[in-house]
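Remarks on the structure that follows.
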Amino acid sequence: MLFKNRREAGKLLAKKLSSARYEGRESVVIGLLRGGIPVAYEIASALGAPLDVALVRKIGAPNQEELAIGAMVDGPNPKVYLNESLISHIYIPDGYLKKIERIKLKEIREREKIYRHEGKKIEVFGKTVIVADDGIATGASVRVVIESLKEEKPARIIIAVPVIAADTLKELKKTVDDVIVLSSPEEFYAVGAFYEDFRQTTDEEVIELLKKSRSAAHM
């Protein structure tokens, strides 16, 4: 399945979520930075739900930043997810992980000032949380977001994603209440391969969509 862009993918997911009856103010949509925000925005708009951002950063392998060996998310208790099976096949220098975790936490807190600005983190206690991204390969980022969210005791956690690797889908289904997907191919090389337009989402786009969503919520 090939999507025109992230916004189209979000609209298609929103239709599927609506048919599953996940509408309403008791739902909160959380998008992963940065590519997940356009997807999450369309879902939140269609469902009439507030939109928030998951301040998550991938942890790259030494000298291979694009190879995600884990991820980190901020919150009341910052969480780190590490792909131990992948790490076991890579040389990791002593002290590397602790050092990179400090760097990523600093980056997250700097980005919070940019993205949330005057907007506060949306409370999810007792609500249905819909976690959205533009695609999931290994699931490192979404796993750490889920772990963090569970500490806030939402009623349900739903993952909504246009495309996800089939083996990752099987694993994630064990950790949440529902997974809404449009495509789950066995052969999965890169999220961008499933989009006609996969240009990088900018900070400006993220800020604008969060602002639009907050404005709509107060109308």
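Read-outs: derived from the displayed coordinates by stated rules, not from any lab. Keep in mind the model is a prediction, meaning the values are calculated, not measured. When we count neighbours, we look across all protein chains shown, and the Cβ atoms used for this are built from the backbone with ideal geometry, even at glycine.
Here is how the numbers come out for the structure above:
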quantity: Dipole moment magnitude, nearest 20 debye, the stretch 58-114 about Cα centre, only Lys, Arg, Asp, Glu C-beta charged; calculated: 240 debye
quantity: Burial ordering of 42, 171, fewest other beta-carbon atoms within 10 Å first; calculated: 171, 42
quantity: Dipole magnitude of the stretch 1-126 about its Cα centre (Cβ charges: Lys, Arg +1; Asp, Glu -1), debye to nearest 20; calculated: 260 debye
quantity: Residue order, fewest to most beta carbons within 10 Å, for 2, 55; calculated: 2, 55
quantity: Residue exposure sequence - 104, 99 - by fewest surrounding Cβ within 10 Å; calculated: 99, 104
quantity: Net lengthening on full extension, residue 216/residue 102 (0.36 nm per residue, minus Cα-Cα); calculated: 37.4 nm
quantity: Whole-Å semi-axes of the ellipsoid equivalent to the chain (Cα gyration tensor, √5λ, descending); calculated: 26, 20, 17
quantity: Relative contact order (percent, whole number), the chain, Cα cutoff 8 Å, 6+ residue spacing; calculated: 25 percent
quantity: Packing-based ranking, highest mean first, of 196-207, 7-18 given that Cβ atoms within 10 Å are counted; calculated: 7-18, 196-207
quantity: Cα-based equivalent ellipsoid of the stretch 58-114: semi-axis lengths in Å, sorted from largest, via gyration tensor; calculated: 21, 11, 10
quantity: Mean residue ellipticity (222 nm) of the chain, computed from DSSP H runs ≥ 4 via -39,500 (n - 2.57), nearest 500; calculated: -11500 deg cm²/dmol
quantity: Those lysines that a straight Cα-Cα span of less than 17 Å connects to residue 4, excepting residues fewer than 8 apart in one chain; calculated: 15
quantity: Test item: Cα-centred dipole of the chain, Lys/Arg +1 and Asp/Glu -1 on Cβ, debye; calculated: 600 debye
